[in-house]
2 protein chains.
Amino acid sequence: MHFLLENNMKTRIAIIGYGNIGKAVEQAALAAEDMQIAGIFHHNDNLDAIDADVAALCTPTREVPAMAERILRQGIATVDSFDIHGQIYDLRQRLTPIAREHNTVSVIAAGWDPGSDSMVRALLQAIAPKGITYTNFGPGRSMGHTVAAKAIPGVKDALSMTIPLGTGIHRRMVYVELQDGADFKTVEKLLLADDYFAHDETHVIEVPSIDVLNNVAHGVNLVRDGVSGTTHNQRFEFNMSINNPALTGQVLVACARAAVRMRQEQRHGTFTMIEIPPIYLLPGNEEQLIRSLV
Amino acid sequence: MHFLLENNMKTRIAIIGYGNIGKAVEQAALAAEDMQIAGIFHHNDNLDAIDADVAALCTPTREVPAMAERILRQGIATVDSFDIHGQIYDLRQRLTPIAREHNTVSVIAAGWDPGSDSMVRALLQAIAPKGITYTNFGPGRSMGHTVAAKAIPGVKDALSMTIPLGTGIHRRMVYVELQDGADFKTVEKLLLADDYFAHDETHVIEVPSIDVLNNVAHGVNLVRDGVSGTTHNQRFEFNMSINNPALTGQVLVACARAAVRMRQEQRHGTFTMIEIPPIYLLPGNEEQLIRSLV
């Protein structure tokens, strides 16, 4: 009886999109004691009759807004790792009335940056209100810069690594596999002139194969030196060295849990991670969590 | 008119207790754009007619529970930095019905550990659910160990420094100023046998004056190496090097803001920091905060 009760209380999560992130969400959901996979859907499947408590949107970022609207209109909660920093607030405003109208909850920008890093930035600004926060990324692959490099004429495949130089300044290490007959010097010149690369220290390196360089490791070094009250020189640092899709998938599952909890509490709407109590991200008994974590 | 409106919206904070922490809360409140000090009270003042939105309880930790009850019964929100880890959940359960009955909010254990570190621990457990978190404290003064050292016969004054050795193991460096005629070897033997020190590597050092060693610096190195989904070797680290009372005072002011916000939302009760959305800790415009931090 106890088992059935527990089983009934599992959150049924649908996974929409089955690339790196969708697969990582599947692994994180299977490993979670309180989750049950309600279905895995390719993003062009029929999505109009999904039976789930929450859907993890693992489609390319630009498809997220329309997909979120479509799922929310079914009253299903959504989580996504929409990652265009400048458009997150606008997405929140777009989805808020839809989520409210359908008595559901959407958690957006739930990855590691934006996402868990955002929670750390908010906390550090609260406890040292004056000061500068630097978020240093890498070493790790930049998706945006990799796509830009691949678009250069003569490039067959490319990989752009982000190397942190501190104080938010980054070096770009761009590995290119050339098309037959392409001239490296010409490719290098075009790439260095591209707006994605023109403003940073950039090195272009020709390699015989991009495939053998493939590695989903990434990292963050987030630093704040600030003032608490009138006391200067309060120093904080958050570091991580991680498998990028695995962490993103895990954050999505944690936020799926939070979305369902907030819907149970009738707190309908759209939320970024800094609007969520950290305990909502965790499974298990409230007393036990408070006793072990606080 | 705009100014008056803003002024009216300031949170009126009372400070109860005026030692290191009370003074730090005063500084943090004066530096905060949205706070106004409603009064500073010694803990034995008449506290039965306080006119404030929220009271920061800056009394010794053992006086906090009774003081919180007394203030909550006036319908005033409270924040405290109650720091006896094993008793935090019990304090929450004790204050919850009182806060609810009087339509108010209490935020407890709002310092840096318990407090902001707790939020980091909760976040890291959510994003790497399997693994071990080590919280390494120091170098910095341990209040509990300092009090224990002062209680040893023959000790005039003492200071116990906590030195982190990693994986949650700490060395105790205990500086003692002896009473006239006291024998160092006897004091050392008694101290090393005391339950506070018997389980850790402890060094006792005689000094002519404790006063000249006084320094409120402290630090934390919090490490988690865990698993996201099925992916091992996800590594996280949070470091800080801080002025201890200044940070505690700032956290109290941030949580005073959150307490008032939660009361406005009719979410009455008692909360630890892991139950609070990080954005509630911050002053200012929601849109601006989300745009700059997420």
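The values are calculated or read from the model by the stated rules, or taken from the named source; none is laboratory data. What you see is a predicted model, and the numbers here were worked out from it, not measured in a lab. Here Cβ is always computed from backbone atoms with ideal geometry, including for glycine, and neighbour counts include all displayed protein chains. For the accessible areas, the whole protein counts, side chains as well, though only heavy atoms, and no ligand, DNA or RNA atoms are used. Shrake-Rupley method; radii C 1.70, N 1.55, O 1.52, S 1.80 Å.
The table below gives the values:
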{"item": "Sequence-separation-based contact order of region A:130-228, relative, with Cα cut under 8 Å and 6+ spacing, percent", "result": "38"}
{"item": "Residues of type aspartates and glutamates that residue A:189 reaches as a straight line, Cα spacing below 19 Å, ignoring anything fewer than 8 places off in the same chain", "result": "A:157, A:177, A:180, A:200, A:201, A:206"}
{"item": "7 Å along Cα→Cβ, label-point gaps from residue B:156 to other copies, nm, shortest first", "result": "8.2"}
{"item": "Volume per residue that the Cα convex hull of region B:130-228 spans, once the total is divided by residue count, Å³", "result": "88"}
{"item": "Extension gain from residue A:171 to residue A:286, taking 0.36 nm per residue of separation minus the Cα-Cα distance", "result": "37.0 nm"}
{"item": "Shielding by partners - mean other protein chain Cβ count within 10 Å, residues of B:92-101", "result": "1"}
{"item": "Distant alpha-carbon pairs in region B:1-107 (separation over 19 angstrom), percent", "result": "43"}
{"item": "Cβ neighbours within 10 Å from other chains - mean over A:162-169", "result": "0"}
{"item": "Theoretical FRET efficiency, 1/(1+(r/R0)^6), r = Cβ-Cβ of residue A:217 and residue A:33, R0 25 Å, to 0.05", "result": "0.35"}
{"item": "Top of B:95, B:281, B:30 by mean-square fluctuation, Gaussian network on chain B, Cα under 10 Å", "result": "B:30"}
{"item": "Hits among aspartates and glutamates - C-alpha to C-alpha of residue B:130 under 14 Å, sequence gap 8 or more where chains match", "result": "A:33, B:225"}
{"item": "Student exercise, region B:166-293 dipole from Lys, Arg, Asp, Glu Cβ charges, in Debye to nearest 20", "result": "740"}
{"item": "Percentage relative contact order, chain B, counting C-alpha pairs under 8 Å, at least six apart", "result": "22"}
{"item": "Neighbouring partner chain Cβ atoms per residue of A:24-30, average, 10 Å criterion", "result": "3"}
{"item": "Sequence-separation-based contact order of region B:46-140, relative, with Cα cut under 8 Å and 6+ spacing, percent", "result": "24"}
{"item": "Helical segments meeting 18 Å axial Cα length and Kyte-Doolittle -0.5 threshold in chain B (DSSP H)", "result": "B:244-264"}
{"item": "Sparse-neighbour loop sites [GluC sites (Glu not before Pro); region A:204-270; at most 11 other C-beta within 10 Å; DSSP]", "result": "A:265"}
{"item": "Modelled FRET efficiency - R0 45 Å, residue A:183 with residue A:132, Cβ distances, 0.05 increments", "result": "0.55"}
{"item": "Mean accessible surface per residue for region A:130-228, computed with a 1.4 Å probe while every protein chain stays in place, in Å²", "result": "52"}
{"item": "Helical contribution to [θ] at 222 nm, DSSP H n ≥ 4, -39,500 (n - 2.57), averaged over chain A, rounded to 500", "result": "-10500 deg cm²/dmol"}
{"item": "For the protein assembly as shown, share of DSSP beta bridges that run antiparallel, in % to the nearest 5", "result": "55"}
{"item": "Chains A and B together, accessible area buried on both sides, 1.4 angstrom probe, square angstrom", "result": "5500"}
{"item": "Cross-link reach list, lysines versus residue A:185, counting only Cα pairs under 21 Å and skipping chain neighbours closer than eight places", "result": "A:150, A:156"}
{"item": "Accessible-area composition of the protein assembly as shown, carbon plus sulfur, in percent [1.4 Å probe]", "result": "50"}
{"item": "Beta bridges by DSSP in region A:1-140, antiparallel share as percent, to the nearest 5", "result": "5"}
{"item": "Against the rule of thumb 2.2 N^0.38 Å, how large the Cα Rg of the protein assembly as shown comes out", "result": "1.06"}
{"item": "Selected from A:90, A:180, A:225 as most flexible by GNM, with chain A as the system and alpha-carbon contacts under 10 Å", "result": "A:180"}
{"item": "For region A:229-281: accessible area per residue (Å², 1.4 Å)", "result": "27"}
{"item": "Copy-to-copy label separations for residue B:190, where each label sits 7 Å from Cα toward Cβ, in nm and ascending", "result": "8.3"}
{"item": "7 Å along Cα→Cβ, label-point gaps from residue B:37 to other copies, nm, shortest first", "result": "5.9"}
{"item": "Bins of 10 Å from zero: percent of alpha-carbon pairs in chain B", "result": "6, 24, 30, 24, 13, 3, 0, 0"}
